[in-house]
Amino acid sequence: MPVSPVDLHLHSTASDGRLPPADVMQRAGAAGVRLAALTDHDTLDGLPEAAAAAGGAGVALLPGIELSARWARGTLHVVGLGVDPSATVLRAGVARHAEVRHARARRMAERLERAGAPALLDTVLGMTGGAAPGRQHFARALVEAGVVSDRKAAFRRYLARGRPGHAPAQWTPLAEVVSWIRDAGGVAVFAHPTRYGLSRGALREAVKAFVAAEGTAMEVVCGGFGPGDVGAAAALARRHGLLASVGSDFHDPEVPWIGIGRLAPVPADLEPVWRRWVSV
Ligand code: MN
Ligand code: MN
Ligand code: MN
């Protein structure tokens with residue numbers, strides 16, 4: 001697969017990624033990416049380190065974030081691109097989501113113990129290095145404790161909705177999350193549309209709610225997307241007049257099928273969201 005010069009969805013150790021922000025920038029530059037967005041879950045904390053490393057890595061950094069949001073029928077992810085990390089409203093929202101994550105982690109740990117797993121909260125909090133805990137951290141802790149053989153099994157047996165270690169998080173409603181991004185001067189992107197397990201009709205409703213909230217773009221190409229996913233996402237972008245974004249959703253160099261910049265091209269009729277910032 002040719003390397004895309006643009007990758008607008010990357011995670012670091014500031015959330016549930018495995019590499020520090022500076023290493024993510026280094027890898028992006030080495031891979032041939034020229035415009036990159038660091039989009040950690042519900043946090044802006046990785047951005048200063050990424051910004052300091054980007055220039056030396058030959059990368060232009062777009063400050064970003066991936067916010068979880070509550071929609072009528074489940075959780076959606078919204079990527080914010082080009083946000084001002086000092087914006088007051090966004091910072092208050094991020095602080096609120098950090099509390100939501102900590103509250104959920106306590107409930108997950110309780111429920112896992114009741115289901116027979118060892119006490120994992122301290123392990124998880126140690127693992128995050130101060131970052132807010134997420135379900136991936138629990139998955140890793142379950143693997144390291146020998147409860148399950150891999151992270152997929154951790155989700156299947158314990159962490160997925162309806163499983164004994166699942167605890168719902170009280171995310172902020174979608175419209176408000178989009179407004180935080182817009183208030184911070186950013187562009188809201190509907191993340192990885194085919195990854196929510198929604199029916200075609202439900203997904204269309206979700207995108208309608210996103211558009212009603214003044215969301216701007218659709219992630220049309222994402223790491224691990226096959227041609228069918230790209231086709232479905234592109235059709236949603238066309239139908240709703242959304243700009244197209246691309247992002248690997250990179251977390252971990254040991255997951256070889258999701259590499260930084262390893263992204264198919266965006267269908268030519270769609271308008272790339274990054275034209276706002278650069279002409280690559
Ligand atoms: Mn993640
Ligand atoms: Mn996501
Ligand atoms: Mn992501």
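Here are the numbers for this structure:
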| item | result |
| --- | --- |
| In Hz, Karplus ³J(HN,Hα) per residue of segment 16-31 (6.51, -1.76, 1.60; θ = phi - 60°; x = Gly, Pro) | 9, x, 9, 10, x, x, 4, 5, 5, 5, 4, 5, 4, x, 5, 6 |
| Heavy atoms of Thr128 accessible to a 1.4 Å probe, total area in Å² rounded to 10 | 10 Å² |
| Cut-off under 5 Å, modelled amide H: who pairs with Gly17 long-range | Ser12 |
| Extension gain from Asp183 to Arg239, taking 0.36 nm per residue of separation minus the Cα-Cα distance | 17.6 nm |
| Cα gyration tensor shape for segment 170-280, rounded if a/c is under 1.5, else prolate or oblate | rounded |
| Cα extents of the chain along the three principal axes, largest first (Å) | 53, 44, 39 |
| Potential extension, Thr88-Ala52 segment - 0.36 nm per residue separation minus Cα distance | 10.7 nm |
| Cα-based shape type of segment 77-208, given that a ≥ b ≥ c are square roots of the gyration tensor eigenvalues and the cut on a/c is 1.5 | oblate |
| Mean Cα-pair separation over length for the chain, i.e. relative contact order, pairs under 8 Å, 6 or more apart, % | 22 percent |
| Cα convex hull of segment 27-123 - mean projected area over all directions, nm² | 8.7 nm² |
| Amide proton proximity set for His9, modelled H, under 5 Å, gap of 5+ | Ala37, Ser248, Asp249 |
| About the Cα centre, charge dipole magnitude for the chain (Lys/Arg +1, Asp/Glu -1 at Cβ), debye | 940 debye |
| Residues Arg195 and Glu113, FRET efficiency given R0 of 22 Å [Cβ-Cβ distance, rounded to 0.05] | 0.15 |
| Backbone HN-Hα couplings from phi across segment 253-260 [Karplus 6.51/-1.76/1.60, Hz, Gly and Pro as x] | x, 7, 9, x, 7, 10, x, 4 |
| Label zone at Glu214, where the point sits 7 Å out along the Cα-to-Cβ direction: segment 78-120 residues whose backbone N lies under 20 Å | 78-94 |
| Prolate/oblate/rounded call for segment 125-167, Cα gyration tensor, a/c under 1.5 rounded | oblate |
| Relative contact order %, segment 59-169, counting alpha carbon pairs below 8 Å whose residues are six or more apart | 19 percent |
| Pairwise centroid distance, computed over Cα atoms, of segment 159-182 with segment 122-137, Å | 18 Å |
| Per-residue SASA entry for Lys208, accessible area with 1.4 Å probe, Å² rounded to 10 | 100 Å² |
| Relative counts (whole %) of C-alpha pair distances in segment 236-280, using bins that are 5 Å wide | 5, 19, 23, 20, 16, 13, 4, 0 |
| Net charge of Cβ neighbours under 11 Å - reference Arg239; Lys, Arg +1; Asp, Glu -1 | +3 |
| ³J(HN,Hα) computed for each position of segment 67-83 - Karplus, 6.51 cos²θ - 1.76 cosθ + 1.60, integer Hz, glycine/proline x | 9, 7, 9, 8, 10, 3, 10, x, 8, 10, 10, 10, 8, x, 10, x, 7 |
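The values are calculated or read from the model by the stated rules, or taken from the named source; none is laboratory data. Quantities reported herein were computed from a predicted structural model and do not represent experimental measurements. Please note: Cβ atoms are built from the backbone with ideal geometry, for glycine as well, and neighbour counts cover all protein chains shown. Each accessible area value is taken on the protein alone, full model and side chains, heavy atoms only, with ligands, DNA and RNA left out. Shrake-Rupley method; radii C 1.70, N 1.55, O 1.52, S 1.80 Å.
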